[in-house]
1. Please go through (1) within 13 Å of DNA strand D (Cβ to nearest atom); (2) without any contact (Cβ under 8 Å) to a residue 24 or more places away in the chain; (3) more than 22 Å from A:H71 (Cβ to Cβ); (4) open to solvent by 70 Å² or more (accessible area, probe 1.4 Å) for B:G75 and return the number of the only condition it doesn't satisfy.
2. Hey, does the stretch A:28-40 have a residue that's in contact with a helix residue (DSSP H, G or I) (Cβ under 6 Å, 6 or more places away or on another chain) and more than 10 Å from DNA strand C (Cβ to nearest atom)?
3. Which ones in the stretch A:27-40 are modelled with pLDDT of 95 or more and out of contact with any Asp or Glu (no Cβ under 9 Å at 6 or more places or on another chain)?
4. Please find, among B:L67, B:L24, B:L16, B:L33, the residue that is within 12 Å of DNA strand D (Cβ to nearest atom), more than 14 Å from chain A (Cβ to nearest Cβ) and not basic (K, R).
5. Check off (1) at pLDDT 90 or above; (2) farther than 30 Å from B:E107 by Cβ; (3) not in a helix (DSSP H, G or I) for A:Q60 and give me the number that stays unchecked.
6. Give me the pairs: first residue in the stretch A:103-129 and farther than 24 Å from B:K116 by Cα and assigned to a strand (DSSP E or B), second residue open to solvent by 60 Å² or more (accessible area, probe 1.4 Å) and not aliphatic (A, V, I, L, M), beta-carbon distance under 7 Å, and six or more apart or on different chains, which are they?
7. Kindly indicate the residue of the stretch A:1-27 that is touching a helix residue (DSSP H, G or I) at 6+ places or on another chain (Cβ under 9 Å) and among the basic types (K, R) and also most open to solvent (accessible area, probe 1.4 Å) among those meeting that condition.
8. For A:F61, indicate whether it is surrounded by 19 or more Cβ atoms within 10 Å (Cβ to Cβ) and at the interface with chain B (Cβ under 7 Å from one of its Cβ atoms).
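The values are calculated or read from the model by the stated rules, or taken from the named source; none is laboratory data. Just so we're clear, the structure is a prediction, and the values are computed from it rather than from any experiment. Reconstructed Cβ throughout: ideal geometry from the backbone, glycine too, with neighbour counts over all protein chains shown. The area values use the complete protein model at the heavy-atom level, side chains included, leaving out ligands, DNA and RNA. Shrake-Rupley method; radii C 1.70, N 1.55, O 1.52, S 1.80 Å.
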2 protein chains.
Amino acid sequence: MHDPKDLKNAGLKATLPRLKILELFENSEQRHLSAEDIYKIMITNGEDVGLATVYRVLTQFEQAGLLVRHHFESGKAVFEMNEGTHHDHIVCIKCGRVEEFYDEEIEKRQKAAAEKYGFSMQDHSLTIYGTCTKTSCNES
Amino acid sequence: MHDPKDLKNAGLKATLPRLKILELFENSEQRHLSAEDIYKIMITNGEDVGLATVYRVLTQFEQAGLLVRHHFESGKAVFEMNEGTHHDHIVCIKCGRVEEFYDEEIEKRQKAAAEKYGFSMQDHSLTIYGTCTKTSCNES
DNA sequence: GTAGCTGCAAATGGTTTGCACGCGG
DNA sequence: CCGCGTGCAAACCATTTGCAGCTAC
C-alpha cells in the first residue's frame, strides 16, 4: 500500500513525516483532509512534526500524483488520495460533508464545452455546493 | 442601471465608493474582477479609497445579491454582476481567461446527483479548469 | 559524508477588524 | 445632527520561505 516504493518513484526519501502522512490518508475514515487536520492528528499522536513540513509534504505528494488538492470554497485546501478514478464532489456548505459521484454525460459535456471555447481541459473535478437536507447538519 | 435605488433596496447609503464600484462593474470590459483589481483601478482613477472599503462593499453587494463571488482556484476571490442568469465557467489556469457557458443537461444531472446524496443544491456554478489551446496564452 | 529533509520562526498575501473621523439622509 | 460608512493601521489566517541542524542512503 504505502511502500517506500511510491516515494522512491517520486524521487523522495522515505522519511518519517512522509510515511506517517501517507499512512494517515490510508487509515483515516475521512478521505478529505486539510494540512491543519493532518498536523493536529500527528501532534495528538505524539509525532514531533512542523506545520511547514506538512505543507511541504502535501505539495510534494500532489506533484508526485499521490494526492489531489481541492479548494472547496472554505478558504483552506483539502487533499485526498489519488486513486486514479476521476470523480466529482458535492459539499455541504453548512456541515462540510463531502460526497463523491461520477456522471459520464456531465464529463462529456464539460469536455465539449471546454473545446468549444478553445480550452484543453485539466482533470479538475466539478464541485457542487449545497446544504444537507436529510438530518444531522449541525455545524459549528 | 446603477441607480442609487439598488443600494436603497439593500439598505445601503448611496456613497461615493459604492456608486463607483457599481459603475466599474457595468463599464469594465472584464466581467470578473478581484478586490485588488478594483482597488488599483480606483486609485489609478484618482479616487481616494481604501482597500478595506472595497472588500466591505463587495461583501455587502454580494449579500444584497448585486454581485456573485467566485474563487477560481487562484487564491483570490473574483466578483461578477449578478444578472440573474445562472451559468458555469471555464477558466484557463495559465492566463486566467474566463468563458461562460450553460448546459441544461449538466444542470439537470447536477441537481439529480445532489438530491441522490441528500443535498439541497445551492446556485453555485460549476467551474472547469483547463489551459487555452488556441493562441495567446502567455501568462505572467 | 552529503544532499535532501526537517522544525522553527519570520515573511507573505489575501482578507478582516478596531477605531476615530466625516459624509449622507 | 446622528449614525452609517470610510480610511488607516493593525490583526488574522492559510500558506511559504530562510536557515541551521539532522537523517536517510
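1. All conditions pass for B:G75, except number (3).
2. The answer is yes; a qualifying residue exists.
3. Scanning the stretch A:27-40 gives A:S34, A:A35, A:E36, A:D37, A:I38, A:Y39, A:K40.
4. B:L16 is the lone residue from the list that is within 12 Å of DNA strand D (Cβ to nearest atom), more than 14 Å from chain A (Cβ to nearest Cβ) and not basic (K, R).
5. With respect to (1) at pLDDT 90 or above; (2) farther than 30 Å from B:E107 by Cβ; (3) not in a helix (DSSP H, G or I), A:Q60 is out only on (3).
6. Pairs that qualify, where the first residue is farther than 24 Å from B:K116 by Cα and assigned to a strand (DSSP E or B) and the partner is open to solvent by 60 Å² or more (accessible area, probe 1.4 Å) and not aliphatic (A, V, I, L, M), are A:F119/B:T133; A:S120/B:T133; A:M121/A:K111.
7. Applying the filter and picking the extreme gives A:K13.
8. Here the answer is no, as A:F61 does not meet what is asked.
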